[in-house]
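Structure first, then comments.
The values are calculated or read from the model by the stated rules, or taken from the named source; none is laboratory data. These figures come from a predicted structure and were not determined experimentally. As a convention, Cβ positions derive from the backbone with ideal geometry for all residues, glycine included, and neighbour counts pool all protein chains shown. Surface areas here come from the heavy atoms of the whole protein model, side chains and all, with no ligands, DNA or RNA. Shrake-Rupley method; radii C 1.70, N 1.55, O 1.52, S 1.80 Å.
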Amino acid sequence: MTSLPEHPPSPISEDDRDTAVQRLQEAYAEEHISHEELDERLHQVLTAKTRSELVSPLASLPEENAGTTSTIAAAGGRIRRRGPWRVPRMLKVESAFGRVYLDLSQAVFEHPVVDIELQLGTGRAKITVPRDAIVDVEGLHTGWKDLLYTPRRRSGPGGPRIRISGTMGFGRLKIRHARR
């Protein structure tokens, strides 16, 4: 009798594949790998079926640029970002008691996929995303109140993908698409 593996291999998502391709292209542009290595590694990434198969082609690449992660934190009070501002690849928002308002409708997106990690205690949070954005809230855990978000019926191509994860304590998160 054979036993089942404790952790079956997790399938690769298109976002994982896109991120791996982007890392390889950046490594080639910065001359960390040759054209032949790029071709070989791209083939491995594009034919990978599980996440574990991405380890080998990404091995020996320099770490991702740490400058693409930003943290906004406040124990109390208000966190507010609006108008034209650059959205980093990874944004961490931490607030124990205050309100959070992120308006991404006029923001500049330099990455096709943006991760926003929320660590909120009490207080409300509101995020306004661009009209054509695709929002993924699978990684968000709400404690006391539910998330208020209605996905758009039709999303135009070319909008950013915004993945929201983290933990909400007693507050409520409201996400809406910009009207224009």
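Filtered by the rule that a residue be charged (D, E, K, R), touching a Phe, Trp or Tyr at 6+ places or on another chain (Cβ under 9 Å) and not in a loop (DSSP other than H, G, I, E, B), segment 119-168 gives a lone residue, Lys126.
Which residues, counting only those in segment 87-98, are modelled with pLDDT of 90 or more and open to solvent by 50 Å² or more (accessible area, probe 1.4 Å)? Hits for segment 87-98 are Lys92, Glu94.
Just to be sure before I move on: is Ser70 in contact with a Pro (Cβ under 6 Å, 6 or more places away or on another chain), polar (S, T, N, Q) and under 30 Å from Ser10 (Cβ atoms) in the structure I sent? Don't jump to the end; show me each part of the working.
Details: in contact with a Pro (Cβ under 6 Å, 6 or more places away or on another chain): yes; polar (S, T, N, Q): yes; under 30 Å from Ser10 (Cβ atoms): yes.
Spelling it out, Ser70 is indeed in contact with a Pro (Cβ under 6 Å, 6 or more places away or on another chain), polar (S, T, N, Q) and under 30 Å from Ser10 (Cβ atoms).
Filter segment 99-118 down to residues that are in contact with a Ser or Thr (Cβ under 6 Å, 6 or more places away or on another chain) and part of a strand (DSSP E or B) and give me whichever is surrounded by the fewest Cβ atoms within 10 Å (Cβ to Cβ). Once the filter is applied, the top-ranked residue is Asp103.
Would you check which residues across segment 22-40 are of a type outside the set (Gly, Ala, Ser), under 26 Å from Arg163 (Cα atoms) and either touching a Gly at 6+ places or on another chain (Cβ under 6 Å) or open to solvent by less than 30 Å² (accessible area, probe 1.4 Å) (or both) and list them?
As a first pass, look at segment 22-40 and keep what is of a type outside the set (Gly, Ala, Ser): 22-26, 28, 30-33, 35-40.
Retained after the next criterion (residues that are under 26 Å from Arg163 (Cα atoms)): 22-26.
The answer is Leu24, and nothing else.
With respect to Ala48, is the statement that it is more than 16 Å from the chain's Cα centre (by Cα) and open to solvent by less than 80 Å² (accessible area, probe 1.4 Å) true? Quick ask: steps written out before the conclusion?
Details: more than 16 Å from the chain's Cα centre (by Cα): yes; open to solvent by less than 80 Å² (accessible area, probe 1.4 Å): yes.
Spelling it out, Ala48 is indeed more than 16 Å from the chain's Cα centre (by Cα) and open to solvent by less than 80 Å² (accessible area, probe 1.4 Å).
Residues in segment 72-86 that are open to solvent by 80 Å² or more (accessible area, probe 1.4 Å) and not basic (Lys, Arg): Pro84 only.
Open to solvent by 50 Å² or more (accessible area, probe 1.4 Å) and either touching a strand residue (DSSP E or B) at 6+ places or on another chain (Cβ under 6 Å) or at pLDDT 85 or above (or both): is that true of Ile134 in this structure? Write out each step before concluding.
Working: open to solvent by 50 Å² or more (accessible area, probe 1.4 Å): yes; either touching a strand residue (DSSP E or B) at 6+ places or on another chain (Cβ under 6 Å) or at pLDDT 85 or above (or both): yes.
Yes.
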